[in-house]
Amino acid sequence: MDHIDSQIIELLQQNSRMTSSDISKCIHLSVPSVAERIRKLEDKGIIERFTLKLNRNAIGQALMAYVSVMLERTENIDSFRATIIQSRYVLECHHLAGEYDYMLKVAVPDISTLEQFISVSLKNIQGVSKTNTVIILSTLKEE
């Protein structure tokens, strides 16, 4: 990967719908060269997928939070993961090193839905022994 590939990636991160033609104008490279570079970045797994960024307020997910989760035993990992993957509120789930085992990024309509998610859904998953929730007030940068 060279500096031209980096420029292409930066442009696509800003707007994943940007055409090869638009990119070629920005970096002064032919359209076929840009298209070929994008294809190679995909083939190498550097670009995994093209996606979009949602306005969470506009779709009724105005409240976002990080929820740290501690499991009692490693035997509970598979059922925990299977349940979390199915949750409509969980945007991200990260396995951690440290005091807590997992960090969830959740998006919900309101505080009562967050309370229900934590108290009813999350804490009823077999093996969940402790949680810690941090509510996101605003986001300065998100990629």
| note | Among (1) within 30 Å of Gln126 (Cα to Cα); (2) of a type in the set (S, T, N, Q); (3) buried (at least 16 other Cβ atoms within 10 Å of the Cβ), Ser24 falls short only on (1)
| query | Are any of the residues in region 122-136 part of a loop (DSSP other than H, G, I, E, B), touching a residue at least 24 places away in the same chain (Cβ under 8 Å) and either in contact with a Gly (Cβ under 8 Å, 6 or more places away or on another chain) or of a type in the set (A, V, I, L, M, F, W, C) (or both)? | reply | yes
| field | Members of region 69-116 that are closer than 21 Å to Asn55 by Cβ and of a type in the set (Phe, Trp, Tyr) | value | Tyr89
| Among Glu72, Glu142, Glu42, which is among the charged types (D, E, K, R) and under 16 Å from the mean Cα position of the chain (by Cα)? | Glu142
| task | Please state which one of Glu36, Glu48, Glu75, Glu10 is assigned by TED's automatic domain parsing to the domain that holds Asn124 and among the charged types (D, E, K, R). | result | Glu75
| Checking Glu142 against (1) under 13 Å from Val67 (Cα atoms); (2) surrounded by fewer than 12 Cβ atoms within 10 Å (Cβ to Cβ); (3) acidic (Asp, Glu), which single condition isn't satisfied? | (1)
| Qualifying residues in region 96-138 (those that are more than 13 Å from Val69 (Cβ to Cβ) and among the β-branched types (Val, Ile, Thr)) - the one modelled with the lowest pLDDT | Val120
| note | Note on region 81-121: residues more than 21 Å from Glu142 (Cβ to Cβ), free of Cβ contacts under 8 Å to residues at least 24 places away in the same chain and charged (D, E, K, R) are Arg81, Glu115
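The values are calculated or read from the model by the stated rules, or taken from the named source; none is laboratory data. For clarity, every value in this text was computed on a predicted model and none was experimentally measured. Positions of Cβ are backbone-derived with ideal geometry, glycine not excepted, and every protein chain shown enters the neighbour counts.
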